[in-house]
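S.K.: Before anything else, here's the structure in question.
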Amino acid sequence: MKRDRTPRAVGAALLALLAGGMLLPPWLQFLLTIALAQGLVALSLALLLRAGLLSFGQALYYCLGAYAAGVAGQLWHTGDMVVQMACACAAAALTAWVLGYLLARYRGIYFGLLSLALSMILYGLLVKSEALGSTDGFNIPRPSVLGLHPQESTVRYVVLAVAAVVSAGAALAVHRYLETPLGRLAPAIRDNEIRVEYMGASARAAVHVKYVIAAVLAALGGAIAAATVGHIDPDMAYWTTSGEFVFIAILAGTGSVLAPFLGAIVYGLIHSVAYGLSPNTWQLTLGSALLLVIAFLPEGLWSLGAHRRSPS
């Protein structure tokens, strides 16, 4: 029987981040925290991709989570990340549960474009909302955790630690979900949805559940990104933001729940180096990297390790 190494790998990665995070320079702490936030959104896309669904509008829930966290902080005058993330999850779950009745009916390009349209509707509403800062957005309170206010010198590490714990928990939860009967339906829905229906399972209900889970994961990423940056604006819902998440998901592959986080870190490093070397053509470098991955690693970066572990 093949041993499941994923929980151990997630635990090792979490311990490495918690133990070594304090020693990292501030810029790298920031990069890793944003990468974890983006990795949560890419994980939500990977969950949908397993069922053959590609969302071009996952920034909808990334932005919704950020705004829910920010509004909670403004209303209650708190920077408590636990409270903010709880509000983000609740707002995303409720919205996805309602919209899921519509989106669960569609597949292929129709699912992708409809999700994109919904994201752009949110963007338009936020741009027109003066109460939420319109195009400028608004700042959120300084991050804290469970009422504890870390010193200014350790704020970045605390946010990184919270992001690492949340990401590890989300990865393990998704890994466990994929082992359940409902989670195992994803490849069957992708390959032959009619056969799933003949077996007595509801493909539409399964897609609805996956859509809600994916929305909560993306909202968690948005709440973490908001706490990291300290500012929220409507661009978090724009189509280019969704494109970044799709880029990361394709770059990483769907071979493991850790793959999206690896892809997000690689994406962040490429973006930082490319922008530093050539601010006007960094998109060309990212595009070239994606083309190379598609050409030589069609299953994503994670397939490198999978091929090495496979018997010759």
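The values are calculated or read from the model by the stated rules, or taken from the named source; none is laboratory data. Keep in mind that what you see is a predicted model, and the values were worked out from it rather than measured. Reconstructed Cβ throughout: ideal geometry from the backbone, glycine too, with neighbour counts over all protein chains shown.
S.K.: What helices (runs of 4 or more DSSP H) completely inside the range 197-312 contain at least 1 residues that are among the hydrophobic types (A, V, I, L, M, F, W, C) and surrounded by 23 or more Cβ atoms within 10 Å (Cβ to Cβ)?
M.R.: Because the criterion is at least 1 residues that are among the hydrophobic types (A, V, I, L, M, F, W, C) and surrounded by 23 or more Cβ atoms within 10 Å (Cβ to Cβ), the helices (runs of 4 or more DSSP H) in the range 197-312 that meet it are 203-229, 239-252, 259-277.
S.K.: With respect to Leu14, determine if the residue is surrounded by 18 or more Cβ atoms within 10 Å (Cβ to Cβ), within 30 Å of Gly276 (Cα to Cα) and in contact with a helix residue (DSSP H, G or I) (Cβ under 6 Å, 6 or more places away or on another chain).
M.R.: yes
S.K.: If you don't mind, there's one more thing I want to ask. Every residue in the range 54-86 that is under 18 Å from the mean Cα position of the chain (by Cα) and without any contact (Cβ under 8 Å) to a residue 40 or more places away in the chain, please.
M.R.: Across the range 54-86, the qualifying residue is only Ala86.
S.K.: Give the residues of the range 119-162 that are without any contact (Cβ under 8 Å) to a residue 40 or more places away in the chain, surrounded by fewer than 16 Cβ atoms within 10 Å (Cβ to Cβ) and among the aliphatic types (A, V, I, L, M), sorted by residue number.
M.R.: Ile121, Leu125, Ala131, Leu148
S.K.: Of everything in the range 1-26 that's free of Cβ contacts under 8 Å to residues at least 40 places away in the same chain and assigned to a helix (DSSP H, G or I), which residue is farthest from the chain's Cα centre (by Cα)?
M.R.: For the range 1-26, the residue satisfying everything is Leu23.
S.K.: Being under 30 Å from Met22 (Cβ atoms) and either modelled with pLDDT under 90 or surrounded by 18 or more Cβ atoms within 10 Å (Cβ to Cβ) (or both): is that true of Val165 here?
M.R.: no
S.K.: Oh, and also: Taking Leu122, is it in contact with a helix residue (DSSP H, G or I) (Cβ under 8 Å, 6 or more places away or on another chain), assigned to a helix (DSSP H, G or I) and not hydroxyl-bearing (Ser, Thr, Tyr)?
M.R.: In short, yes.
S.K.: While we're looking at this one, here's another question. Quick check, is Ala188 part of a helix (DSSP H, G or I), surrounded by 13 or more Cβ atoms within 10 Å (Cβ to Cβ) and in contact (Cβ under 8 Å) with a residue 40 or more places away in the chain?
M.R.: No, not satisfied.
The rows are residues; the columns are (1) crowded, with 19+ Cβ neighbours inside 10 Å; (2) touching a helix residue (DSSP H, G or I) at 6+ places or on another chain (Cβ under 9 Å); (3) at positive phi.
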{"site": "His77", "(1), (2), (3)": "no, no, yes"}
{"site": "Cys87", "(1), (2), (3)": "yes, yes, no"}
{"site": "Trp97", "(1), (2), (3)": "no, yes, no"}
{"site": "Tyr101", "(1), (2), (3)": "no, yes, no"}
{"site": "Leu114", "(1), (2), (3)": "no, yes, no"}
